[in-house]
Amino acid sequence: MQLAGESVKEKKEIVCLELKINGVVQGIGFRPHVFCLAREYGLKGWVRNESEGVTLEVEGEENKVHSFCRQLIEHPPHLAIIEDVRYQQLQPRHYTDFIIVKSRAQSKREALIPSDIAVCSDCLAEVMDPADRHFLYPFTNCTRCGPRFTIVEDIPYDRPSTSMRDFTPCTACAGEYNDPLDRRFHAQPVACPACGPRIEIRDGMGETVPGIDNWLHFFWEKMQQGHIFAVKGLGGFHLACLVQKDIIETLRKRKGRPFKPFAVMCRDLETVGKYCFYNQAEEEALLSPAAPIVLLRKKDEHGLPVNISPGMASLGVMLPYTPLHFLLMQGPFAIMVLTSANPTDLPILKDNNEALAQLSGIVDYYILHNRDIVQRSDDSVVRIVDKRIQYQRRSRGYVPGAVKLGFQAEAPALGAGSEMKNTFCLLKGKQAILSQHLGEMGTEESEAFYRESLEHFLRFFDLKPQLLGYDLHPRYRVSATARQMFIEHKYAVQHHHSHFASCLAENSYREKAIGAVLDGTGYGLDGAIWGLEIISGDFMHFKREYHQRYVPLPGGEAGVKWPWRMAMSYLYQALGNEGLSRAYSLFGRLFEQQYHMVEKIVKSGLYAIPTSSCGRLFDAVAALLGVCHENTYEGQAAIQLGELLREEDTLLPLEPYSCLVEENELDFSPMFPDIIKTICACGDVTYTARRFHDTVVHAVSTAVKEVSQRTGLKTVALSGGSWHNPYLLIRTRQILEEQGLQVLLHRMLPPGDGGLALGQAAVAYWRWKENVPGDTHEDSGDRQ
């Protein structure tokens, strides 16, 4: 390095440096950037991809070499993420040029595979330019955009390691690929109409449609006639149709999805603004390289069919993120339904043959192509809460991006994930690497998807886990799969401890803390279903400080599906036989065949599992208010109840109903007579819903405050799926911070089960590291 007082002559001494750079440095134009930067500084040497990342040797005048290194590290390509740089001084090699050399595979693998990247403006300009050979070509890409994770099979990230290996570049594409001054220099998926993947149209029977001169015009014509398409995209298939009530109803009937909201794709921001409000943060998310679905509030006069997102004030919106989607949206309509084409509870479809088999009877036409999807990857879903991004589903565009840990994992660990909204997590060094959204477990297809994805990740990152954390629930299929793995140290981790630990790990927090974990279902140490838990502890141990007073869950899974059953259970607990009379007046005639059986279960306690679930509490109130009587998708009642409130409602004074916080319990029984009185007095569902939310906020913050005062702990982690509720999250955070507490939130992972695996892996690692024997259920949990 240059020292003060060095002479000009010394500065011009020829030096040679080796740089080994780890992180997201493959597939995003890093080597071309190095090449051009070296040429700019007049330096010689070489750069190549390796399994560990990118390695380069650079030689030249000392001051220029150091300036080059500083510029490279401080200003890398905009999609690069540099995790580590190792320097080594070498003897001068006397290089005569700077070149990109052939990639080299190594036994040690450190390179991070880049996420898929939304199409860039330069590629779109070419797609719309009649004079360009990429005109109307739906697979146009460059080093700044295009498929990455979804087409890669191995590292180093080179064309032979991707599903583009079978497409030999034409002379023009090869010329761009080999031209250091071209933005397609070493762009692995480079292609054009002469040499790349091609579109094919099939009918609903799977037969090729003959005589199509222009597949785009065919798509637009058939869409306007009300037909439903399956479209093979970047990470899987979508279902597409016009945003019209009757067509959407047809799609819902065919897909067996009566109420779950559909996402839409809009041509541009102007179109988005016709239907939804969006702020700067939401605009940035829509336009980001990840291009997720963003949950936006619908305008009061939006003009959209009610059945596109029934019972919801929000709408999932995305912009075109591939040239294919961009072309589809250039026709006579500026908005269309675009929803994942997976049969209920099964993974998103990715292969042509499986789509043709499983979507028969659902779609009228298929838009296929012959570029294989290696890794299924559903669209990511985000919401801007309190001006910051919150992940609802973390997948395409973000995976396999790593989360930095606040510790160095000395042994690789695997978190198996949850049964719902599954992802798994690998700990490697200072990084946590989470899979794409894998969805619901419990079927042979989802288990195969899980194993396939896990094998890919283990190969990509050269890992053989020594430690395993999995959910304590004895009936979870994913836990059974995990227990069969040949991993030396296995730890069953209680569900809510996993949530808590995930939030701690994401925030690089290693001290003891308080956890407010609110969700729908988690198997408890006592065999009950937990879900509204105030705990204290760390990665290794936890103590249950407060929980919602147990309420019978009538009929097990049926009690989850039918929220009115939980309403009856709460009313009986609060008011006895008077509560049952009130329940009959609300639900008796609607559910006459089931009502008296459920009444017997509630009164006797037989066939009723005790639960402290926050989700079931929301279900009960949603049923009382007439918001939702049946959960046709997970969390429907709780989601629709939360959708009644707006973020600006958090500025109103807190108006909680009565509740009790004593003897380690949060008792909401006193609230239910108050809710009945409010409904009878004014019938204002939104006002009642807000006061209910305020009651939960008050109960949680009161319990956390008491634990903090008793234990001296000043940090609280908020985790669990109920924190997807913006009003609940914002109000609770505000009050806890006013009490002088540090509040930890999820900002890189979903607060729900999609982020749970990180906590499982962290608990397994620290129990092994500190030599704490046994599973979570064997720990008394009373260590502070």
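The values are calculated or read from the model by the stated rules, or taken from the named source; none is laboratory data. Because the structure is a prediction, the values reported are computed rather than measured. No Cβ is skipped: glycine too gets one built from the backbone with ideal geometry, and neighbour counts run over all protein chains shown. For the accessible areas, the whole protein counts, side chains as well, though only heavy atoms, and no ligand, DNA or RNA atoms are used. Shrake-Rupley method; radii C 1.70, N 1.55, O 1.52, S 1.80 Å.
Elements of the type helices (runs of 4 or more DSSP H) sitting completely within segment 118-224 and holding at least 1 residues that are among the β-branched types (V, I, T) and modelled with pLDDT under 95: there are none.
Go through the residues of segment 581-588 one by one and say whether even a single one is of a type outside the set (S, T, Y), open to solvent by 10 Å² or more (accessible area, probe 1.4 Å) and either more than 24 Å from G752 (Cβ to Cβ) or assigned to a strand (DSSP E or B) (or both). Yes. In this structure, E511 qualifies as surrounded by fewer than 17 Cβ atoms within 10 Å (Cβ to Cβ) and closer than 30 Å to T715 by Cα. Counting only residues that are part of a strand (DSSP E or B) and out of contact with any Gly (no Cβ under 9 Å at 6 or more places or on another chain), segment 55-84 holds 1 of them.
Selection within segment 454-498: residues that are among the charged types (D, E, K, R) and part of a helix (DSSP H, G or I). The member of this set that is farthest from Y546 (Cα to Cα) is R459. Counting only residues that are free of Cβ contacts under 8 Å to residues at least 60 places away in the same chain and out of contact with any Asp or Glu (no Cβ under 8 Å at 6 or more places or on another chain), segment 452-484 holds 13 of them. Checking each residue in segment 694-710 for being out of contact with any strand residue (DSSP E or B) (no Cβ under 8 Å at 6 or more places or on another chain) and of a type outside the set (A, V, I, L, M) picks out D694, T695, H698, S701, K705, Q709, R710. When I201 is tested against the conditions (1) touching a Ser or Thr at 6+ places or on another chain (Cβ under 8 Å); (2) among the β-branched types (V, I, T); (3) buried (at least 20 other Cβ atoms within 10 Å of the Cβ), the lone failure is (3).
Total residues in segment 665-708 satisfying the condition of being modelled with pLDDT of 95 or more, within 19 Å of D649 (Cα to Cα) and acidic (D, E): the figure is 1. Listed conditions (1) closer than 30 Å to Q742 by Cα; (2) in contact with a Pro (Cβ under 7 Å, 6 or more places away or on another chain) are all met by C425, apart from (2).
Of all the residues in segment 261-290, those that are part of a helix (DSSP H, G or I), hydrophobic (A, V, I, L, M, F, W, C) and open to solvent by 50 Å² or more (accessible area, probe 1.4 Å) number 1. Out of segment 641-687, which residues are of a type in the set (V, I, T), surrounded by fewer than 23 Cβ atoms within 10 Å (Cβ to Cβ) and under 16 Å from D619 (Cβ atoms)? V685, the sole residue that qualifies. In segment 68-80, the residues that are of a type in the set (G, A, S) form Cβ pairs under 6 Å with partners that are surrounded by 11 or more Cβ atoms within 10 Å (Cβ to Cβ) and assigned to a loop (DSSP other than H, G, I, E, B), at six or more places apart or across chains, as follows: A80/V25; A80/I28. Being of a type in the set (S, T, N, Q) and open to solvent by 30 Å² or more (accessible area, probe 1.4 Å): is that true of T140 here? For T140, the condition - of a type in the set (S, T, N, Q) and open to solvent by 30 Å² or more (accessible area, probe 1.4 Å) - is not met.
Residues in segment 300-313 that are within 26 Å of L234 (Cα to Cα) and part of a helix (DSSP H, G or I): I308 alone. Of all residues in segment 123-149, those that are more than 25 Å from V374 (Cα to Cα) have Cβ atoms under 7 Å from Cβ atoms of residues that are open to solvent by 10 Å² or more (accessible area, probe 1.4 Å) and of a type in the set (G, A, S), 6 or more apart or on another chain, in R133/A172.
Based on this model, can you work out whether K490 counts as within 30 Å of D526 (Cβ to Cβ), in contact with a strand residue (DSSP E or B) (Cβ under 6 Å, 6 or more places away or on another chain) and surrounded by fewer than 24 Cβ atoms within 10 Å (Cβ to Cβ)? Yes, satisfied. Only residues that are open to solvent by less than 10 Å² (accessible area, probe 1.4 Å), under 23 Å from Y137 (Cβ atoms) and under 21 Å from the mean Cα position of the chain (by Cα) were counted in segment 322-374, giving 2.
The criterion of being assigned to a strand (DSSP E or B), open to solvent by 10 Å² or more (accessible area, probe 1.4 Å) and closer than 26 Å to A622 by Cα holds for R297. Remark: pairs (first residue in segment 291-311, over 30 Å from C120 (Cβ atoms); second residue among the acidic types (D, E); Cβ separation under 8 Å; 6+ apart in sequence or on different chains) = N307/E249; G311/E643. In segment 540-557, the residues that are touching a residue at least 24 places away in the same chain (Cβ under 8 Å) and under 12 Å from W530 (Cβ atoms) reach residues that are β-branched (V, I, T) and open to solvent by 30 Å² or more (accessible area, probe 1.4 Å) with C-beta atoms within less than 9 angstrom, at least six apart or across chains, in these pairs: Y546/V661; L553/V560; L553/I609.
Checking segment 715-731 against the condition returns no match, with no residue being basic (K, R) and either surrounded by fewer than 16 Cβ atoms within 10 Å (Cβ to Cβ) or modelled with pLDDT under 95 (or both).
In segment 157-184, the qualifying residues are those that are open to solvent by less than 10 Å² (accessible area, probe 1.4 Å) and over 25 Å from the mean Cα position of the chain (by Cα), and the one that is nearest to H437 (Cα to Cα) is M164. Select from segment 242-260 the residues that are in a loop (DSSP other than H, G, I, E, B) and charged (D, E, K, R) and write down the one among them that is farthest from E643 (Cα to Cα). Per the stated criteria, the residue is R257. Of everything in segment 193-207, what is within 32 Å of the chain's Cα centre (by Cα) and within 29 Å of K102 (Cβ to Cβ)? Give them in sequence order. Correct list: G196, P197. Residue count for segment 356-407, restricted to those that are outside any strand (DSSP E or B) and within 27 Å of V25 (Cα to Cα): 16. Using the structure shown, decide if R747 is free of Cβ contacts under 8 Å to residues at least 24 places away in the same chain, of a type in the set (K, R) and either surrounded by fewer than 24 Cβ atoms within 10 Å (Cβ to Cβ) or more than 20 Å from K387 (Cα to Cα) (or both). So R747 does not fit the description; no.
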